[in-house]
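The values are calculated or read from the model by the stated rules, or taken from the named source; none is laboratory data. Worth saying up front: this structure is predicted, and the values here are computed from it rather than measured. Glycine gets a Cβ as well: all are built from the backbone with ideal geometry, and neighbour counts include every protein chain shown.
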Amino acid sequence: MRTTVGIVGAGPAGLLLARLLHNAGIESVVLESRDRAYVEQRQRAGILEQGTVDVLREAGVGARMDREGLPHDGIELRFDRRRHRVDFPALTGGRQVMVYAQTEVCKDLIAAQLVDGGPLLFEAEALAVEGADTPAPRIRFRHEGREDVLDCDYVVGCDGFWGVARQAVPESVSRTYERTYPFGWLGILADVAPSHDELVYARSDRGFALLSMRSPSVTRAYLQVPEGTDADDWADEEIWDELDRRLEVDDPDWRLARGPVTSKSVTPMRSYVHEPMRHGRLFLAGDAAHIVPPTGAKGLNLAVGDVVTFARALIAYREKGDATALDAYSETCLRRVWQAERFSYAMTTMLHRAPDATAFDDRIQLARLDRVTTSGSAEADLAEAYTGFAL
Ligand SMILES: Cc1cc2nc3c(=O)[nH]c(=O)nc-3n(C[C@H](O)[C@H](O)[C@H](O)COP(=O)(O)OP(=O)(O)OC[C@H]3O[C@@H](n4cnc5c(N)ncnc54)[C@H](O)[C@@H]3O)c2cc1C
């Protein structure tokens with residue numbers, strides 16, 4: 001098999017890239033190791049930055065998002081029994097975010113690809129990327145019990161943190177930067193209307209809590225839990241009780257609505273960057289190259305930024321013969337990636353309680369929150385980063 005761009009992985013990065021290339025008349029083949037149902041149901045991100053929303057609309061896959069997604073103009077910060085609203089449009093010159101689940105983004109992209117796009121092979125596992133630093137890279141993969149080879153002009157590794165594409169970058173040129181956190185997020189989905197109309201990020205002496213949503217009738221909520229926690233160790237009522245404690249606020253009118261929990265899982269927290277994001281004709285995009293803790297809601301949005309950067313660069317090369325943007329792919333992406341790493345790290349350390357936190361650390365966290373909620377420039381910095389960096 002042969003194509004122009006071989007894409008490993010059908011998460012948001014791989015699927016969106018296939019769509020952007022299709023719209024520009026560039027051939028691609030997507031290889032995805034899991035089946036379609038798995039990709040469409042894997043619960044993960046839910047917040048789309050303004051730039052991501054704009055890209056999905058321009059790519060022709062924004063219609064359902066615009067009907068069913070929930071535009072949000074702010075978030076609430078809770079600490080010390082106080083609440084403070086961060087008003088995004090007022091602080092950023094009109095920017096918003098959109099609550100629309102990653103599962104739905106993937107469903108929309110898959111549907112579009114299957115109607116008129118290039119091949120999208122499910123249960124096709126890439127085994128290795130070979131010849132990355134030659135003019136003829138290829139992907140060895142297994143599909144329907146047979147091994148096969150996809151010959152490409154370019155390979156884009158969109159196969160997430162555990163994929164194989166990154167392994168094709170020799171150790172001698174790879175640099176990795178990593179931090180793991182001694183806690184994770186216990187996340188639930190519950191069939192109950194969200195108790196607040198915007199996301200609530202809460203810092204408490206018991207740890208972090210996030211009240212989020214998937215739709216007007218589905219609540220998404222998270223609790224900071226110790227590293228290695230098993231989701232089944234927590235009974236549903238214990239989760240609601242703990243959310244109640246961590247979201248406590250001096251407002252007699254606020255109440256946490258409880259409902260049946262339909263899903264429960266634990267996510268580890270990690271910051272990770274692999275440099276460079278390009279080796280020869282292999283380009284890494286999304287979680288294959290970097291991971292952020294979910295506190296800043298940046299992972300999916302960074303994946304979108306990477307593939308937009310690649311698609312624009314390839315189009316410029318093919319239409320104008322100008323390889324400048326392709327050559328600068330890694331530097332361009334890494335600049336945005338490190339801003340997202342900085343922001344996600346800052347949000348994580350401002351809001352989570354480390355197991356060895358001292359009274360001094362607690363006071364510093366409260367001072368940081370006090371600063372963000374009383375200084376216009378500090379608050380604008382948070383709002384700008386949350387709504388997203390320029391694509
Ligand atoms: C609980 C949770 C909450 C999150 N919340 C947010 C949020 O609010 N906002 C946000 O922006 N981000 C969030 N994220 C992060 C976000 O989900 C990821 O950053 C995003 O999925 C990255 O997309 P991707 O396409 O790069 O990788 P992935 O979504 O990981 O997709 C990679 C794909 O490659 C496939 N694959 C792997 N190996 C192979 C192989 N060898 N051959 C073929 N296919 C392969 C995988 O099956 C997968 O489908 C969250 C993550 C989690 C876990």
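Structure values in brief
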read-out	value
Residue in segment 284-297 that is crowded, with 17+ Cβ neighbours inside 10 Å, within 15 Å of the ligand (Cβ to nearest atom), assigned to a strand (DSSP E or B) and touching a residue at least 60 places away in the same chain (Cβ under 8 Å) present	yes
Any hit, segment 315-322, residues being in contact with a helix residue (DSSP H, G or I) (Cβ under 7 Å, 6 or more places away or on another chain) and hydrophobic (A, V, I, L, M, F, W, C)	yes
Hits in segment 350-371 - residues which are assigned to a helix (DSSP H, G or I) and crowded, with 17+ Cβ neighbours inside 10 Å	M350, L351, Q365, R368, L369
Hits in segment 299-313 (condition: within 18 Å of G280 (Cα to Cα) and either outside any helix (DSSP H, G or I) or touching an Asp or Glu at 6+ places or on another chain (Cβ under 9 Å) (or both))	A313
Test: residue in segment 188-210 that is among the charged types (D, E, K, R), in a strand (DSSP E or B), touching a residue at least 40 places away in the same chain (Cβ under 8 Å) and surrounded by fewer than 22 Cβ atoms within 10 Å (Cβ to Cβ)	no
Single match in D54, D80, D66 (criterion: within 16 Å of the ligand (Cβ to nearest atom) and surrounded by fewer than 22 Cβ atoms within 10 Å (Cβ to Cβ))	D54
Qualifying residue in segment 80-99 (condition: part of a helix (DSSP H, G or I), in contact with a helix residue (DSSP H, G or I) (Cβ under 6 Å, 6 or more places away or on another chain) and not hydroxyl-bearing (S, T, Y))	yes
Evaluation of F208 against (1) more than 16 Å from the ligand (Cβ to nearest atom); (2) touching a His at 6+ places or on another chain (Cβ under 9 Å); (3) among the aromatic types (F, W, Y) (one fails), failing number	(1)
Answer from R140, R214, R179 - the residue that is at pLDDT 95 or above, within 15 Å of the ligand (Cβ to nearest atom), assigned to a strand (DSSP E or B) and surrounded by fewer than 21 Cβ atoms within 10 Å (Cβ to Cβ)	R140
In segment 100-135, the residues that are of a type in the set (S, T, N, Q), within 25 Å of D153 (Cβ to Cβ) and part of a helix (DSSP H, G or I)	Q113
Scan of segment 14-51 for residues that are within 11 Å of the ligand (Cβ to nearest atom), out of contact with any strand residue (DSSP E or B) (no Cβ under 8 Å at 6 or more places or on another chain) and small (G, A, S), ordered by number	A45
Residue that is surrounded by the most Cβ atoms within 10 Å (Cβ to Cβ), among those in segment 83-104 that are within 15 Å of the ligand (Cβ to nearest atom) and of a type in the set (A, V, I, L, M)	V97
Number of the condition not met by W162 [criteria: (1) farther than 30 Å from V225 by Cβ; (2) near the ligand (Cβ under 10 Å from one of its atoms)]	(1)
